[in-house]
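I have placed the structure first, in the form of C-alpha cells, so that the comments after it can refer back to it.
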Amino acid sequence: MSNLLFLLILLPAVAAAVCYFVRSSAVRTLTVLATGAILTAASLALLGQETQPLTVGSVLGIPSDFLIAVLDFALLGVIFMYGVKHKSLLIQGFTLAQAALLAWFELIMVKSAEVPAFAVDQISLIMVLVVSIIGSLICIFAIPYMKEHEEHLHLKKSRQPQFFFFMLLFLGAMNGLVLSNNILWLYFFFEVTTLCSFMLIGHDRTEIAIKNSVRALWMNSLGGLSFVIGMMLVYSKVGTLDISAILAGGPQGALMVTGVGFLCLAGFTKAAQVPFQSWLLGAMVAPTPVSALLHSSTMVKAGVYVVLRFAPAYSGTLLSDGVAVCGAFTFLACAALCIGQSNGKKILAYSTVSNLGLIICCAGLNTPLAITAAVLLILFHAISKSLLFLCVGTIEQAIGSRDIEDMRGLYAKFPRTATITIIGILTMLLPPFGVLMGKWMALEAGAANIYVIIMLAMGSALTMVYWARWGGLLMASREAGAAREKQAALISLPLMTLCLGAVVLSLASPWIYNSMLAPMFNAPPFALSFGSLNAATGSFAVVPLFLALGLGALYAVKAASGFRKVKIVAPYLSGSNAGEEGTYIGPMNGPVPFSAGNMYLGELFAEGKLTPVFNALAVALIVLMLGGAL
Amino acid sequence: MFGSFIKKSRAKSPWIMHFDCGSCNGCDIEVLACLTPLYDVERFGIINVGNPKHADVLLVTGTVNHRNKKVLKNIYDQMPEPKAVIAIGACGNTGGVFRDAYNVVGGIDKVIPVDVYVPGCPAKPEAIIDGVVVGLGKFAQKVEEAE
Amino acid sequence: MDTLILVIIGLVAGPVIGGLVAGLDRRVTAWFQSRQGPPIMQSFYDVAKLLGKEKMVVNQWQILCAWVYLIAAAVSVGLFFAQGDLLVIFFVQAVGAVFLVMGAMSAKSPFSQVGAQRELMQILAYEPVLILVFVGIYLVTGSFSISAVWELEQPLLAKMPLLYLALGYALTIKLRKSPFDFSTSHHGHQELVKGVLTEYSGPYLALVEIAHWYETVLILGLCALFWSTNVFWMAALLLGTYALEILVDNTMARMTWRWMLKRVWLLGMGMSVVNLIWLYAG
C-alpha cells in the first residue's frame, strides 16, 4: 500500500517537474497522459488494498515531520513574497500571523511523537478516486485546450510548462491532503493547494486575473490562519496530531469544539462558502481546465473534505447545527444568485458553491444518512460538474462566448457538444442520476431541522430553474445534411468518459453505496434490495427507476430519431413566416430574425443588491456557528 | 377498435381556428356568437383554438387581399391533416361587394381549397354551425378516400 | 406482487380518471356559465382525434420531450401506486416538467418561448411548497413513504390544515387553472396562443395531454392522502377541493407570474412554515 500512496502523491509532483523543465510539447503531452493513466490505475488499485495507517519515517535521512515543517515555512515564505509583490497587506498579515502561530505550535506546544502520516478510509478513498481520475481527465483535456488558448493569446513564449506544473502538482497535493492522517501534514497540503490555485488563477497575467488571484490568495490565507488556530486549540485539548485519534474521541469540551469550528471555517474559505464565494467567482478568469479542476474535483472539494472529515469531532454539538445552517444558507443564497446569471461559467460557479453548501449542510446534519448524502454528492457532483466545465470550455472555443444566451440553438451547429452538455445538465438535476439522489438524501436527512429544510426546499426549486432553461436553450433544429462537428480526440475522450461515467456510476450507485459507504457506519442508513436503497424514512429505487425512465427515454430517442419522416414545419408565427426558421415578416415588409432571452428575474435576484445582504447574513451565521461551539 | 374510436372522435372534436382575412367584423361577431351560451358549440366538442397546429377546421371570414394571402396560405399549411376549410360570408365566398377593388384577390378559394361555403352577409350563427357540421362530414369522407 | 398489480392499476386507471375529471371539469364550468357543455367523454374524443392526426414537428426534440414528459408522468403515478417515496415521486414528476419546458424552448417560436419561461416560474413557485408538504407528512408519519400514511389513525388534515391550503396553490398551478394559467392559457385564442404547448401538435399534443391527466391524478392522489382513514371523507375532500378549484378558475382573471411568486412564496410558504412549526413543536 505504501508504494501506491507515494505514487499517488509524489508521481504528480515528479511529472510536474518534468513538465516544467522539459519544454517540449510532445514530452509534456506524453507525461500528462502517462501520469493520468498511472494515477487512475493506482487509485483503482488502492481500492483492493488493506487499509492501515502508514508511518513515513525519514526521507534521505531527514525525519519526514521535520521536512514537512521546513516546507511549511518555505511555503508561507513564498506566499508572503507574493503578498509583498502584489502589495496586499491582507496576505502579508495573514501569512505572518500563520507563521508566528505555527512556529509557536511546532516549537513549543507539540511534543514530538511519531504519528502515522497517512491513513486510508472510505471517504479518503472516494476522494482519491475523484481526484486521480477526474483530475487526470481534466489535465488531458487541458492539452489541446491550452494549445488553442495560447494561439488566441499570441504568446511569444509558451507558458504551458508553468501551467501543467501547477496542474499536476495540484493533483498530488490533493491526494496528499485527503490521505493525510497527521494534522500538520494535512495543513501542509492545504497550503500547497492554496498556492497552486493562486498561480493557476493568475496564469493569464491579465490585470483582472492578477486581481482575482490575489483575492483568492488572501481569502485562502485567512483560511490557513483559521486552520492553524483550530489546530492549536484542538491540540491543546486532545494532545495528539493523529486525526483518527481526534475523531475517535468525539467532541471534548468547548475549547476543542471551538478548534474544530475554526477548522470548519478554514474549510468554508476553501469551499468558497458565502461570504467567501467571491474568490471562486473570480477564478473564472482562468483558462477553463483550471476552473474545472478548482471547482469539481479539487480545491473546493478540499474544503468540504475538511468539514466532512472532522464531522465526528463535532457531532451532537451546537456547532454541528451551525455548520448545517451555514451550508443550507449557502445552498439557498447561491442558487438565488445563480438565477440572475447568464454567464455560463458564473452559473457553474454559483451552482458549485451552492452544491458545496449542500454537502457542508449534510456534514453538519451529521447523521449516517446525511454523511452518505455528502459523500455521494461529492462523487457525483465532481463528475457532472467537471463535465459541464469542460463542455463550456469547448463551447467557448467554438463560439467565442461563455454567455448562455449566445449558446441558444447550439445544437444546430455543434450537435455533439450540445448533446453532451444537455446530458451533463440532466445528470445534475434529474432522477435517477446521482446528484439528485444525493439531494434527495440531503432533503430526507434535513427534514429533521426546520431551518435547514426550508432553505433546502427553496434552493432546490431555484436550482431546477437555472438548469432547465440552460438545457432547453441548447436544443434547436438542425438542417438535414449540415456539416458534421469535428472534435479533437483529446477533447472528446474526457467528455465522453465523464458523460458515460455520470450515467453508469449513477446506475451503479446502490453498489457503490454498499461496498464503499455502508462499512463506514455501525448502523448503515440503507438496506439494499433489487437495486433500490431502502430506509425506514423512504426509499430510492435506483435500478427500477433507471429501467423505467431509461427504457422510456431510449424509446423516446428512437421515436425522435425518425423525425425526418415526419412533416417538418416552421414554428407558428401568426402566419407571417419568412424564409429562415423563426424569422417573420415584420414592419416595412422586412424580415425580423428570431431572438429570445431567458427571464433572469433581475428585479428579484440582482447580484449586486443581494450579495452584500447575503454576505452580512452569512457572517452572522458563521459567528453564530463558532459561538455555538463554546 | 381503437381505429374506429379515432374515426368517431374526429367528428366529435373539431377544433376550430378562426382567421379574419379582412372582414368587416360582421361575420367574426357571428362566429364568436356561436361560442356564447345561447348557441354553445362546445356541446359538439368544438373549441376555438388560436393556433393552426392544433386546429382541424379553418374558418375564414372576409376577402383575401394581396397582403394577407401569404398569411392565409401559411396558416393553412401549418394545419396537420386531416383538415377542412370553411369560407364564411359573402366576402369569404366570392369577395363580395369588394370583389372588384384594386387590392382584392377574391374569395378564399383563390388561395386555398375550400370545403364548405357558408353564405350570408353576415352569416347567421346557425348557418355557421351547420357549415361546420357539413365540413366534418366532408373531411370524414376525405379521410376515407385517403385510406 | 401486490405492488405490481397496484402499479398496473395505477397506470391504466390514471389516464381514465384524469380524462374523466377533465371532462367533468368542462361540464361543471359550462354549468357555471349556463351552458350545456361537452359530453363527459369529450377529453377522450379530443385525445383520440389528436392521435389520429398527421405527425408534424418543428424538430426532433419535441418528439423526445413529449414522450419523456408522458413517461415521467406515468412512472410517477406508478410510483405513487407502488406506495413509493413522496420526494422521489415528486422528482420523477419534475423530469416531465423539465422536459416539457425544454421541448418548448427548442422551437424558435416566441409563444412557446414565453410559455416555457413562465412554466419555469410556476415550477419555482410550487416546488418548495410541495417539498414542505412532504416534510410535513414525514413529521407526522415518520417516513416519506406513502405506505406510512395508511397506517395513521387520524387524518393528516387534522395535523396539517395550513399545509393543505398551501397545497391548494400547487394544485391550482399544476392543473393550469386561473389565476395561474399563464404558461398555457385555457383558451388558445389569446395573446399567448397556447404558450408552452403552442408547438406541440397532433399525436405529440395528445401525449402531452395524457401526461397531464397522469399529473392530475397524481396531485389529486396527494390530496387524497390527507384523509386516508375514511374513504367517504376522502371522496368528500377531493370533491370539495376540486369544486373549489373550478370555482376559483371561473371567478379569477389570469394574473402575472410576479403576482404568483409573491402570493405563493409569501402566503403559501408562510402557511407551510407556520404549520411546520406546529409539527416540530408537537
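The values are calculated or read from the model by the stated rules, or taken from the named source; none is laboratory data. Fair warning: this is a prediction, and the values are worked out from it, not measured in the lab. Here Cβ is always computed from backbone atoms with ideal geometry, including for glycine, and neighbour counts include all displayed protein chains.
Per-structure values
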quantity: Condition met for A:Val274 (assigned to a helix (DSSP H, G or I), in contact with a helix residue (DSSP H, G or I) (Cβ under 6 Å, 6 or more places away or on another chain) and outside the structural domain of A:Lys345 (by TED's automatic domain parsing)); calculated: no
quantity: Members of the stretch A:79-90 that are closer than 16 Å to A:Val192 by Cα and surrounded by 15 or more Cβ atoms within 10 Å (Cβ to Cβ); calculated: A:Ile79, A:Phe80, A:Tyr82, A:Gly83
quantity: Selection count, the stretch B:57-108, where residues are on the phi > 0 side of the Ramachandran plot and touching a strand residue (DSSP E or B) at 6+ places or on another chain (Cβ under 7 Å); calculated: 4
quantity: First in the stretch B:83-100 and in contact (Cβ under 8 Å) with a residue 12 or more places away in the chain, second anywhere and among the charged types (D, E, K, R) and assigned to a helix (DSSP H, G or I), Cβ under 7 Å, 6 or more apart; calculated: B:Ala84/B:Lys138; B:Ala87/B:Asp109
quantity: Hits in the stretch A:425-479 (condition: of a type in the set (Ser, Thr, Tyr), facing chain C (nearest Cβ under 8 Å) and part of a helix (DSSP H, G or I)); calculated: A:Ser460
quantity: Among (1) among the small types (Gly, Ala, Ser); (2) at pLDDT 90 or above; (3) surrounded by fewer than 20 Cβ atoms within 10 Å (Cβ to Cβ), the one test that A:Ser25 misses; calculated: (2)
quantity: Unique match (being within 14 Å of chain A (Cβ to nearest Cβ), more than 16 Å from the chain's Cα centre (by Cα) and touching a residue at least 24 places away in the same chain (Cβ under 8 Å)) among C:Val47, C:Val68, C:Val95; calculated: C:Val68
quantity: Any hit, the stretch C:105-119, residues being out of contact with any strand residue (DSSP E or B) (no Cβ under 8 Å at 6 or more places or on another chain), among the aromatic types (Phe, Trp, Tyr) and under 19 Å from C:Ile219 (Cβ atoms); calculated: no
quantity: Helices (runs of 4 or more DSSP H) within the stretch A:62-166 that include 2 or more residues of a type in the set (D, E, K, R) and outside the structural domain of A:Cys196 (by TED's automatic domain parsing); calculated: A:64-85
quantity: Any hit, the stretch C:14-29, residues being among the acidic types (Asp, Glu), within 24 Å of B:Ile6 (Cβ to Cβ) and more than 8 Å from every other protein chain (Cβ to nearest Cβ); calculated: yes
quantity: Residue list for the stretch C:254-278, filter: within 10 Å of another protein chain (Cβ to nearest Cβ) and either crowded, with 21+ Cβ neighbours inside 10 Å or closer than 22 Å to A:Ile450 by Cβ (or both); calculated: C:Trp265, C:Met269, C:Ser272, C:Val273, C:Leu276, C:Ile277
quantity: Count - residues of the stretch A:184-229 that are acidic (Asp, Glu) and in contact (Cβ under 8 Å) with a residue 40 or more places away in the chain; calculated: 2
quantity: When residues of the stretch A:521-580 are limited to those that are hydroxyl-bearing (Ser, Thr, Tyr) and surrounded by 18 or more Cβ atoms within 10 Å (Cβ to Cβ), the one farthest from the other protein chains (Cβ to nearest Cβ); calculated: A:Ser532
quantity: Checklist (1) part of a helix (DSSP H, G or I); (2) away from chain A (no Cβ under 14 Å); (3) surrounded by fewer than 24 Cβ atoms within 10 Å (Cβ to Cβ) applied to C:Ala148, failing item; calculated: (2)
quantity: The stretch C:199-216 residues that are within 10 Å of chain B (Cβ to nearest Cβ), paired with ones that are among the polar types (S, T, N, Q) and assigned to a loop (DSSP other than H, G, I, E, B) (beta carbon under 9 Å, 6 or more apart); calculated: C:Glu199/B:Asn51; C:Glu199/C:Ser106; C:Glu199/C:Ser109; C:Ser201/B:Asn51; C:Ser201/B:Gln78
quantity: Selection from the stretch A:73-124 of residues that are touching a Pro at 6+ places or on another chain (Cβ under 6 Å) and farther than 18 Å from A:Pro63 by Cα; calculated: A:Ala119
quantity: Condition check for A:Leu46: in a helix (DSSP H, G or I) and more than 20 Å from A:Phe164 (Cβ to Cβ); calculated: yes
quantity: Conditions (1) within 26 Å of C:Tyr69 (Cα to Cα); (2) in a loop (DSSP other than H, G, I, E, B); (3) more than 11 Å from chain C (Cβ to nearest Cβ); number of the one not met by A:Ala502; calculated: (2)
quantity: Leading residue by the ranking (farthest from the other protein chains (Cβ to nearest Cβ)) among those in the stretch B:1-55 that are crowded, with 18+ Cβ neighbours inside 10 Å and acidic (Asp, Glu); calculated: B:Glu30
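This table checks each residue for (1) facing another protein chain (nearest Cβ under 8 Å); (2) surrounded by fewer than 24 Cβ atoms within 10 Å (Cβ to Cβ).
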{"residue": "C:Phe99", "(1), (2)": "no, no"}
{"residue": "C:Ala104", "(1), (2)": "yes, no"}
{"residue": "C:Pro110", "(1), (2)": "yes, yes"}
{"residue": "C:Ile123", "(1), (2)": "yes, yes"}
